[in-house]
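Report on the following structure.
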Amino acid sequence: MATTKARYQQHAAKFEGKPHYAIPSGDPPAGGWPTIIYLHPYGKAATIIPEDRLLFAEAGVAYIELNGTQMLAEGSFRWSNYSSSSTQNAIQRALEKLAPTLKLNLQQVYLTARGQGALHAANLMANYPQFYAGAMLIAPKGRLPPAKLSLAENKRIMIAYYDRQNFNDRALALNFADLFRGNNQVEIANFPEGESASNGSWQTRYNRPLLWVLGREQDASPGA
């Protein structure tokens, strides 16, 4: 049993926190590519679909998705329920490895995230704001204790939540909005339900809020 567990842990370690990335074609701007880090929800994995590649290429940014730091099964990961430090470490390891070859601008690193990933991203923005220029947090949820104090100042932070979420998860999104609002530009979006074929893709809904976080739009209003 102990041998089997050790083998599994060795196997899982190859994939935990592993980055997947896409960069625009052509030469980067002076200083390097602005970079977006995406943290997925519980039970998902880093998977860059063609629509995402197109969206971020048109925005002129590098895009990095990370697997969660704890492997649940093949193609299924989570982030820690106890601390966001392992998430911070995974992001910084990925940036340290990729920045020289991909020509990333480490002064313009933005967090985007959903679900459990968004809870971690919110805590990272609160506790490690020197590493991140802004954030888009979609429906944060999870067991990780949320930050009670924020060191973030002069950041653009977009927070979205859905009516279908339970009361505690909706309250979590609003609590983060209150936490960040004092010293940052904060926008909140509320939707009756998640994205679907009938009401539009997430790319359509969040393209303008994302550009607002990047400082390229004055209006953070979501698309249809």
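The values are calculated or read from the model by the stated rules, or taken from the named source; none is laboratory data. Note that the structure is a prediction, hence the values are computed from the model and not measured. Ideal geometry is used to build each Cβ from the backbone, glycine not excepted, and the neighbour counts take in all protein chains shown.
Key figures for this structure:
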quantity	calculated
Some residue of segment 195-211 being surrounded by 15 or more Cβ atoms within 10 Å (Cβ to Cβ), of a type in the set (Lys, Arg) and at pLDDT below 95	yes
Any pair with Cβ under 9 angstrom, 6 or more apart, that starts in segment 147-167 at a residue that is loosely packed, with under 12 Cβ neighbours inside 10 Å and ends at one that is at pLDDT below 95 and among the aromatic types (Phe, Trp, Tyr)	Asp163/Phe191
Hey, Thr87 more than 30 Å from Asn168 (Cβ to Cβ) and hydroxyl-bearing (Ser, Thr, Tyr) or not	no
Some residue of segment 92-105 being at pLDDT 95 or above, surrounded by 13 or more Cβ atoms within 10 Å (Cβ to Cβ), within 17 Å of the chain's Cα centre (by Cα) and part of a loop (DSSP other than H, G, I, E, B)	no
Meets criteria (on the phi > 0 side of the Ramachandran plot, over 17 Å from the mean Cα position of the chain (by Cα) and surrounded by 15 or more Cβ atoms within 10 Å (Cβ to Cβ)) for Gly32	yes
Of all residues in segment 166-194 being of a type in the set (Gly, Ala, Ser) and modelled with pLDDT of 95 or more, the one that is farthest from Ala59 (Cα to Cα)	Ala171
Residue that is farthest from Leu210 (Cα to Cα) [pool: residues in segment 73-88 that are in contact (Cβ under 8 Å) with a residue 12 or more places away in the chain and either β-branched (Val, Ile, Thr) or in a helix (DSSP H, G or I) (or both)]	Ser86
Segment 106-126 - residue that is among the hydrophobic types (A, V, I, L, M, F, W, C) and in contact with a Pro (Cβ under 7 Å, 6 or more places away or on another chain) and, of those, nearest to Gln203 (Cα to Cα)	Ala118
Residues (under 26 Å from Gly142 (Cβ atoms), in a strand (DSSP E or B) and either touching a Phe, Trp or Tyr at 6+ places or on another chain (Cβ under 6 Å) or at pLDDT below 95 (or both)) located in segment 23-72	Ile36, Tyr63, Ile64, Glu65, Met71
Filter result for Leu172 (surrounded by 14 or more Cβ atoms within 10 Å (Cβ to Cβ) and touching a Phe, Trp or Tyr at 6+ places or on another chain (Cβ under 7 Å))	no
Helices (runs of 4 or more DSSP H) fully within segment 110-224 counting 2 or more residues that are more than 16 Å from the chain's Cα centre (by Cα) and closer than 17 Å to Leu39 by Cβ	167-181
